[in-house]
Amino acid sequence: RLEAYDAGLQECQRLGTVSTAGEGVPFVYPLHVGSGWVVSGATEPSSTVVMGTVARIAAQAPTKNLRINVFDPRSSGRMARLAGLRAINGATFPQPIAAASAFANEVNEALTQAPSNAESAAVVGAGDLADLWRRSNGADGTLSVFVLLDYPYGVSPELNQALAQLAQLGPTSGTLLLVQRDKQITPADRVDPGLLLGLLPQVEVEQDSLS
């Protein structure tokens, strides 16, 4: 694990492997703090991409500066592999949440914290959160990663609106949004998935390919 003063988030994260001329080639895609991804496709491969991405972020970020918030409205347990992080820092990976109102509270807390992260970065001239960690020896700036499974299942209008705001923050905000989308889900009344989907880069995952 990287120490705080050496830690940083890679500008591109590996999504998986694509086949080129009969050989597997790593597929990487930009991932920026203050934004995120929408990963669509069959549940198993799209969840695997999200799980792998979060695991790589956890390996790159100082644990004491990292909080991974999971919305798992079907209580699927698909992010259970991260449970070991609690032995390192109990606050890094709290229990996943199934209720939209409770998860909205977590999102709103991050929105409240974002200006403080941005101000700390501005004071020392940091261009992004990783730069802030280096300049402050890891003393300042929390990265809040929000993972949504089976979107838009279980999402309320209020949560959807808060997520849309989260998706538009800047690189010093300390937030990152990873959405595993289920295209078969009919959203609840007054929930417009396009509000969020139009704000984030989208990746389509199939069993044996990425696009």
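Taken over the range 37-46, the criterion of being open to solvent by 10 Å² or more (accessible area, probe 1.4 Å) and part of a helix (DSSP H, G or I) is satisfied by 43, 44, 45.
Residues are listed down the side, and each one gets a yes or a no for (1) open to solvent by 60 Å² or more (accessible area, probe 1.4 Å); (2) in contact (Cβ under 8 Å) with a residue 40 or more places away in the chain; (3) of a type in the set (A, V, I, L, M):
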residue	(1), (2), (3)
160	no, no, no
169	no, yes, yes
180	no, yes, no
185	no, no, yes
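Within the range 56-95, the set of residues being without any contact (Cβ under 8 Å) to a residue 60 or more places away in the chain, touching a helix residue (DSSP H, G or I) at 6+ places or on another chain (Cβ under 8 Å), open to solvent by 20 Å² or more (accessible area, probe 1.4 Å) and more than 25 Å from residue 137 (Cβ to Cβ) comprises just one member, 81. Of 176, 169, all but one fail to be part of a loop (DSSP other than H, G, I, E, B), under 30 Å from residue 133 (Cα atoms) and not acidic (Asp, Glu); the exception is 169. Within the range 105-118, the residues that satisfy the criterion of being within 30 Å of residue 77 (Cβ to Cβ) and surrounded by fewer than 20 Cβ atoms within 10 Å (Cβ to Cβ) are 105, 106, 108, 109, 111, 112, 113. Return only the number of the condition from (1) closer than 15 Å to residue 33 by Cβ; (2) free of Cβ contacts under 8 Å to residues at least 60 places away in the same chain; (3) open to solvent by 40 Å² or more (accessible area, probe 1.4 Å); (4) among the hydroxyl-bearing types (Ser, Thr, Tyr) that residue 142 does not satisfy. Condition (2) is where residue 142 drops out. Summed over the range 109-153, residues that are among the small types (Gly, Ala, Ser), in a loop (DSSP other than H, G, I, E, B) and within 18 Å of the chain's Cα centre (by Cα) total 1. Residue 205 - would you say it is crowded, with 22+ Cβ neighbours inside 10 Å, modelled with pLDDT of 95 or more and either of a type outside the set (D, E, K, R) or more than 14 Å from the chain's Cα centre (by Cα) (or both)? The answer is no for residue 205. Only one entry in 121, 98, 102 is open to solvent by less than 10 Å² (accessible area, probe 1.4 Å) and either at pLDDT 95 or above or in contact with a helix residue (DSSP H, G or I) (Cβ under 7 Å, 6 or more places away or on another chain) (or both), namely 121.
Within the range 130-178, being within 22 Å of residue 51 (Cβ to Cβ) and of a type in the set (Ser, Thr, Tyr) holds for 142, 144, 151, 153, 175.
The values are calculated or read from the model by the stated rules, or taken from the named source; none is laboratory data. Every value quoted in this text rests on a predicted model; they were computed, and no experiment measured them. All Cβ positions, even for glycine, are placed from backbone atoms using ideal geometry, and neighbour counts span all protein chains on display. Heavy atoms of the whole protein, side chains included, go into the accessibility calculation; ligands, DNA and RNA do not. Shrake-Rupley method; radii C 1.70, N 1.55, O 1.52, S 1.80 Å.
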